[in-house]
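See below for the structure under consideration.
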Protein chains: 2
Amino acid sequence: MSFVQPPPHPIQLQEVGMRDGLQSAGQFVNTDDKVRIINQLSGLGFAKIEVTSFVSPTAVPLLADAEAVLAQIDRAHNVDYVALVPNRRGLERALATDLDEINVVMSVSEAHNLANLRMTRKQSFEQFGSIMADAGHLRVNATLATAFGCPFNGATEVKEVMDWVQRYLDRGVSSITIADTIGVATPNQVYELCARLRALAPALEITLHLHNTRGLGVANAYAAIAAGIHRFDASLGGIGGCPYAPGATGNICSEDLAHALLRDGFSCPIDLAGLINTTKALEAILGQRFPGLVKESGPRETTHPLADAPNQ
Amino acid sequence: MSFVQPPPHPIQLQEVGMRDGLQSAGQFVNTDDKVRIINQLSGLGFAKIEVTSFVSPTAVPLLADAEAVLAQIDRAHNVDYVALVPNRRGLERALATDLDEINVVMSVSEAHNLANLRMTRKQSFEQFGSIMADAGHLRVNATLATAFGCPFNGATEVKEVMDWVQRYLDRGVSSITIADTIGVATPNQVYELCARLRALAPALEITLHLHNTRGLGVANAYAAIAAGIHRFDASLGGIGGCPYAPGATGNICSEDLAHALLRDGFSCPIDLAGLINTTKALEAILGQRFPGLVKESGPRETTHPLADAPNQ
């Protein structure tokens with residue numbers, strides 16, 4: 001008797017904190033520290049780790065050491081290393097590395113795409129085609145940002161997302177990320193979109209990229225699993241945000257999601273204790289307290305000494 | 001196509017922040033301020049408001065003004081006002097007021113009951129019978145605390161909860177609260193217990209009392225709704241905690257839960273904007289920032305001005 005029946009295959013988590021989190025951390029993390037954290041993450045069971053972004057170092061100085069990070073990390077054979085590529089210049093930089101995959105973003109919202117990438121969606125889509133054609137050894141994942149809502153225009157129509165997915169499928173992509181960039185999705189809405197995508201493209205590798213902005217991160221993940229999705233971006237500690245949506249907290253927290261899944265009968269190959277340690281190590285480096293909750297409370301089996309306390 | 005089908009009847013929220021939240025707020029809130037906040041809450045659509053506790057003023061000085069609060073609030077005709085009653089002395093105090101309902105707690109875990117109430121469960125259950133017999137005009141709700149886990153002993157067996165619910169049913173109760181006191185429940189676990197309770201006692205008024213300690217508050221509420229539960233305790237701002245579980249954050253946040261339900265097609269008679277204002281008013285009184293998220297981000301339809309920002 002289950003709310004969401006665990007599927008026969010494992011739920012795969014993809015760690016995006018070192019890119020989506022650190023680009024909005026407010027302070028530069030030294031390359032050595034980034035490398036140390038990524039090396040720890042490599043042994044914790046993530047299917048992919050998004051390690052950096054080949055964005056302009058002037059625009060996002062916090063990730064200006066992309067090449068150095070990639071040159072220095074120890075690569076684990078069972079992890080795919082990913083970087084975000086916003087344009088042709090980013091592709092050229094990525095091609096000079098031994099990345100496994102690049103992640104190319106376009107927003108379903110025209111306003112957000114213009115603000116974020118300084119291009120129309122049409123231009124982004126054409127650029128995507130040219131990047132795919134020249135990607136060489138790199139696998140290409142397409143991310144559709146603002147797939148549930150845009151900070152400028154409000155709600156995103158399901159039909160619009162479906163239409164863009166179809167265009168990317170026609171262009172030959174084999175993996176797509178559907179991103180709730182500003183954390184507006186609700187569980188029934190997630191279920192509907194994911195079920196329709198699953199029906200549209202049963203063989204497509206679909207990742208759901210959720211934010212916990214309104215407290216719905218885990219509920220949305222369960223809804224997506226019920227709809228046949230089993231791959232999620234998440235960030236250690238729940239770091240991250242959206243520069244256009246003030247007050248928006250971060251990505252769904254890797255250890256909170258893993259904790260829920262592991263304790264609820266799902267197969268999910270994450271070393272939870274190791275992940276909590278890594279999150280705390282990054283908190284110490286940044287001198288910040290991240291929003292994740294399990295690192296504070298401990299997993300559910302945590303017990304406490306029976307102390308004398310006032311009755312209530 | 002829904003993840004959790006909205007039921008034909010509304011989801012009822014019961015505000016417990018003024019008791020469960022304020023007893024662990026770390027500072028006394030003046031009676032006038034308590035009355036002002038409760039009066040605001042009375043107009044926001046809650047089915048019940050737990051306004052205080054008739055616990056010993058020495059044990060919990062933060063709620064020592066129970067009688068004064070009850071004497072001064074303006075009662076709304078469509079709200080039931082509730083107070084926690086830990087023992088016979090509390091009942092005597094409650095009987096001198098015009099409360100609608102008293103809430104009598106017992107922990108399913110013997111260790112937690114001993115620590116929290118200084119009684120065995122057997123003693124608590126016998127006391128419950130005597131309180132029910134002498135409750136006069138007061139309705140009596142039984143809360144089963146630590147129904148999913150105990151901070152000292154770990155997991156609680158479903159069978160043990162079911163057995164205690166059966167004993168309370170045999171004693172004639174018509175409403176029971178199942179409390180995840182320390183926030184250890186996971187969605188599949190919630191679904192199983194709620195579905196079994198619903199099957200055991202179709203006419204019983206069942207409230208689920210959730211904590212968001214491990215980020216699962218809303219996911220657990222959706223699981224419970226799927227199992228036929230439509231009544232939830234929640235606290236404004238997500239305040240609250242458990243004195244025996246360090247690091248445990250508070251109750252499921254009223255406005256975060258209401259936001260999810262309202263935006264996801266459920267009927268839930270909560271004035272969301274009014275509730276966010278009230279939460280912010282209590283934050284200002286306490287000079288604290290509560291853990292709730294929607295008060296920070298705004299509801300999902302919130303948009304932001306299209307400002308010039310660096311591309312990422």
Cα centre as origin, Lys/Arg/Asp/Glu Cβ charges: the stretch B:12-291 dipole, Debye | 380
For the stretch B:112-117, 3J(HN,Hα) per residue [Karplus equation, 6.51 cos²θ - 1.76 cosθ + 1.60, θ = phi - 60°, Hz, x = Gly/Pro] = 5, 5, 4, 5, 7, 10
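Could you tell me which of the pairs B:Lys48/B:Lys280; A:Lys48/A:Lys295; B:Lys48/B:Lys295; A:Lys122/A:Lys295; B:Lys48/B:Lys122; B:Lys48/B:Lys159 are separated by over 32 angstrom between their Cα atoms in the structure shown? Show your work: numbers first, answer last.
Values: B:Lys48/B:Lys280 21 Å; A:Lys48/A:Lys295 22 Å; B:Lys48/B:Lys295 22 Å; A:Lys122/A:Lys295 43 Å; B:Lys48/B:Lys122 29 Å; B:Lys48/B:Lys159 29 Å.
Long pairs (Cα-Cα over 32 Å): A:Lys122/A:Lys295.
Taking the Cα centre of the protein assembly as shown as origin and charging only Cβ (+1 Lys, Arg; -1 Asp, Glu), how large is the dipole, in debye to the nearest 20? Write out the running numbers ahead of the final one.
Numbers: 48 positive and 64 negative charges, 60 e Å.
For this selection, approximately 280 debye.
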For the stretch B:58-99, treating each Cα as an identical point scatterer without solvent, what Debye log10 I(q)/I(0) comes out at q = 0.34 1/Å?
-> -1.36
Return the FRET efficiency for the residue pair A:His9, A:Ala199: r is the Cβ-Cβ distance, R0 is 22 Å, and the value is rounded to the nearest 0.05.
-> 0.75
For the rotation that superimposes chain A on chain B, which residue of A has the C-beta lying nearest to the axis, and at what distance in Å?
-> A:Ala219, 2
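Calculate, for the stretch B:12-291, the solvent-accessible area per residue in square angstrom, rolling a 1.4 angstrom probe over the heavy atoms of the protein chains. Please report the intermediate quantities before stating the final value.
Values: 8840 Å² over 280 residues.
Averaged over the residues of the stretch B:12-291, the accessible area is 32 Å².
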Can you list the residues of the stretch A:1-45 with backbone N under 17 Å from a point 7 Å past the Cα of B:Glu296, pointing along Cα to Cβ?
-> A:21-27
Any chance you could get the radius of gyration and Dmax over the Cα atoms of the stretch A:217-289, in Å?
-> 13.3, 39
Compute the distance in nm between two label points, each set 7 Å from the Cα along the Cα-to-Cβ direction, one at A:Asp98 and one at B:His304.
-> 3.9
Contour minus Cα-Cα distance for A:Thr120 and A:Glu160 (0.36 nm per residue) = 12.9 nm
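Please compute how much accessible surface disappears when A pairs with B, both sides summed, using a 1.4 Å probe, and round it to the nearest 100 Å².
On the way: alone 13450 and 13430 Å², together 21140 Å².
Using a 1.4 Å probe, the pair buries roughly 5700 Å².
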How far is A:Ser267 from the same spot in each other copy, in nm, shortest first, if each label point sits 7 Å from Cα toward Cβ?
-> 4.3
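Within the protein assembly as shown, what percent of beta bridges assigned by DSSP are antiparallel, to the nearest 5? Could the numbers behind the result be given before it?
Details: 6 of 70 bridges.
Taking every DSSP beta bridge within the protein assembly as shown, about 10 percent pair in antiparallel fashion.
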Among A:Phe152, A:Cys268, A:Val55, the residue whose Cα sits farthest towards the positive end of the charge dipole of the stretch A:12-297, when +1 is placed on the Cβ of each Lys and Arg and -1 on the Cβ of each Asp and Glu, is A:Phe152
Cα-only Debye scattering, the stretch A:12-297: base-10 log of I(q)/I(0) at q = 0.11, 0.13, 0.16 Å⁻¹ = -0.57, -0.82, -1.33
Take chain B, connect every pair of alpha-carbon atoms lying under 10 Å apart with a spring to form a Gaussian network, then pick out the residue of B:Ala203, B:Ala234, B:Ala94 with the largest mean-square fluctuation.
-> B:Ala203
Can you find, among B:Thr278, B:Gly90, B:Gly240, the residue farthest towards the positive end of the dipole of chain B? Put +1 on the C-beta of Lys and Arg, -1 on that of Asp and Glu.
-> B:Gly90
Over the protein assembly as shown, with a single point scatterer placed on each C-alpha, what log10 of the ratio I(q)/I(0) does the Debye formula yield at q = 0.12 1/Å?
-> -1.16
Considering only protein heavy atoms and a 1.4 Å probe, what is the carbon-and-sulfur percentage of the accessible area of the stretch A:12-297?
-> 49
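Just need the relative contact order of the stretch A:12-297 here, percent rounded to a whole number, with Cα pairs under 8 Å and 6+ apart.
On the way: 576 pairs, mean separation 54.6, N = 286.
For the stretch A:12-297, the relative contact order is 19 percent.
In a shell of Cβ-Cβ distance under 13 Å around B:Cys150, excluding B:Cys150 itself, what net charge do Lys and Arg (+1) and Asp and Glu (-1) give? Present the calculation step by step, with values, prior to reporting the outcome.
Details: positive: A:Arg300, B:Arg121; negative: A:Glu301, B:Glu110, B:Glu157, B:Glu160, B:Asp180.
Net charge in that neighbourhood comes out at -3.
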Taking only DSSP H segments of four or more residues, each worth -39500 (n - 2.57), what value at 222 nm results for the protein assembly as shown once the sum is divided by all its residues, to the nearest 500 deg cm²/dmol?
-> -11000 deg cm²/dmol
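The values are calculated or read from the model by the stated rules, or taken from the named source; none is laboratory data. Since the structure is predicted, the reported quantities are computational estimates derived from the model, not experimental observations. So basically every Cβ, Gly included, is an ideal-geometry build from the backbone, and we count neighbours across all protein chains shown. What goes into the accessible areas is simple: the full protein's heavy atoms, side chains included, and nothing from ligands, DNA or RNA. Shrake-Rupley method; radii C 1.70, N 1.55, O 1.52, S 1.80 Å.
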